[in-house]
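We did not get these values from a lab; they are worked out from the coordinates using the rules stated. It should be emphasised that the depicted structure is a prediction, and the values quoted were computed from it without experimental measurement. Cβ coordinates were reconstructed from backbone atoms using ideal geometry, including for glycine residues, and neighbour counts include every protein chain displayed.
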């Protein structure tokens, strides 16, 4: 279903630091530029390559690593610029456009992530020698590439119900989706070749510690005083662990315990261990808000530009307001294959599964009311809120988590395959001195 995938699931991170890196590079661009690669119907210029190499060097330097010379980085950086250029050309041919409103929203989000206002963001860019307009252009390119990948890669990824069930039943799935425990431990050791007397003495000492704990003694202080664990000086704190990461019988035992509970001493190869659950997260019942919503989606295409698509959405809105049936118009006009045949009905849905623009409009629309046409990365929408409810979604949440894990795994694999494909099929002529002269 087209609107269910978050933009954040596919968008390459836009980090402020990357924008700050182009400082002296832009000022150092030579007055005489030259082509370093021909890429289908476009070119990559030497100035672009120099600027990106400088950014990479600055990033490496900030990590405290040795910075390779530009000559070592040039070919790899040029290859990345070529692949980016190909995606931008696909976006151009597909009619993907980023409106000023969307761009302003993205800039605001980046500023917010870095605890800045937009004005502070602009000032910081100026301070580092990068113009605000250049930064906006860079963000716009990233957004175009994201939408190209969404249309060409993410939308064709399918995860079946059986795949979700298999993942949930697998050891890997159980471990990734199981609840986590913040644990502390006390270890009373036994020598490697301990005889029965030594084992009994350790068991007696462990039981004495356990009785002190049951009577209210502080676990952390006893761990420091009595434990032979490597975490003893931290009060026995082991950090967060999943039950599946612990040996039997602890893995099964923890699921029956609550925060603050302490296990009886348990014999292990290293001695007797007492565990305490100091905190717990995940795995609990989850109640979430759901919205029953239906929508009509119309998309730009080679024969219908953005303006005509918006006009169509406005026309459909007016027809519904005038009394025409929403479901009938959705069946006739909506281009969301997952809901069109159902009259645009998305059924009950978690707002967090929707892209931000759709979620925000839906939140502001009263029940039983129609939204005015609005735009997301998928096209132009009109929606109607049919109902709202809170529901226990523990099982659904686990299934959605599994779906997300599987989709992300498939997306990463599919993206790399697709990028290799568009690179192999493109006409590319490298003109960088010392590089191979590559063609199709």
Point to revise | the chain, helix-only ellipticity at 222 nm - DSSP H runs n ≥ 4, -39,500 (n - 2.57), divided by all residues, nearest 500 | key: -15000 deg cm²/dmol
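How much length, in nm to one decimal, is gained on full extension between residue 307 and residue 100, taken as 0.36 nm per residue of separation minus their Cα-Cα distance? Intermediate values should be presented prior to the final figure.
Details: separation 207, 0.36 × 207 = 74.52 nm, distance 1.43 nm.
So the chain would gain 73.1 nm between residue 307 and residue 100.
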Review point. Once both labels are modelled 7 Å past Cα along the beta-carbon direction, what's the residue 367-residue 169 spacing in nm?
Key: 3.9 nm
**Study point:** Helix axis angle, 118-127 relative to the chain longest principal axis, alpha carbon, degrees
**Key:** 80 degrees
Point to revise | Inter-probe distance in nm under a simple model that places probes 7 Å from Cα toward Cβ, at residue 420 and residue 194 | key: 5.4 nm
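Quick one: compute the contact order of the chain, relative version, from alpha carbon pairs under 8 angstrom and 6+ residues apart, as a percent.
Numbers: 628 pairs, mean separation 84.2, N = 440.
Dividing the mean separation by the residue count of the chain yields 19 percent.
Report relative contact order for the range 249-348 in percent, whole number only (criteria: Cα-Cα under 8 Å, sequence separation at least 6). Don't jump to the answer; show the numbers that get you there.
Working: 98 pairs, mean separation 24.6, N = 100.
It comes to 25 percent, rounded to a whole number.
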Practice item. Round to the nearest 10 and give me the degree value, 0 to 90, for the angle of helix 70-93's Cα axis relative to the longest principal axis of the chain. Key: 60 degrees
Point to revise | Overall Cα dimensions of the range 211-263, principal axis frame, Å, largest first | key: 29, 25, 16
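What ranking do 211-217, 181-187, 368-374 get when scored by the average of other Cβ atoms within 10 Å per residue, highest first? Could you put the intermediate results ahead of the total?
Working: 211-217: 11.1, 181-187: 23.1, 368-374: 14.9.
Final packing ranking: 181-187, 368-374, 211-217.
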Point to revise | Cut-off 18 Å, label 7 Å out along Cα→Cβ of residue 156, residues of the range 328-342 by amide N | key: 337-338
Practice item. Determine, for each peptide in 158-166, 69-77, the mean count of other beta carbons within 10 angstrom over its residues, then list the peptides with the highest first. Key: 69-77, 158-166
Practice item. Taking only Cα atoms and a 10 Å spring cutoff, compute GNM fluctuations for the chain and point out the largest among 132, 317, 411. Key: 132
Point to revise | Label-point separation in nm, residue 409 to residue 288, each point 7 Å along Cα→Cβ | key: 2.0 nm
**Study point:** Calculated diffusion of the range 181-281, Stokes-Einstein form, Kirkwood radius summed over Cα pairs, 10 °C and 1.306 mPa s, µm²/s
**Key:** 117 µm²/s
Check your understanding: How many percent of the alpha carbon pairs in the chain exceed a separation of 43 Å?
Key -> 37 percent
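Can you tell me the relative contact order of the range 288-392? Whole percent, Cα pairs under 8 Å, sequence separation 6 or more. Walk me through the numbers before you get to the answer.
Values: 186 pairs, mean separation 45.8, N = 105.
Once normalised by length, the contact order is 44 percent.
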Check your understanding: In which sequence would 296, 199 go, from the one with the fewest C-beta neighbours within 10 Å to the one with the most?
Key -> 199, 296
Check your understanding: So for the range 116-155, what percent of the C-alpha to C-alpha distances run longer than 15 Å?
Key -> 53 percent
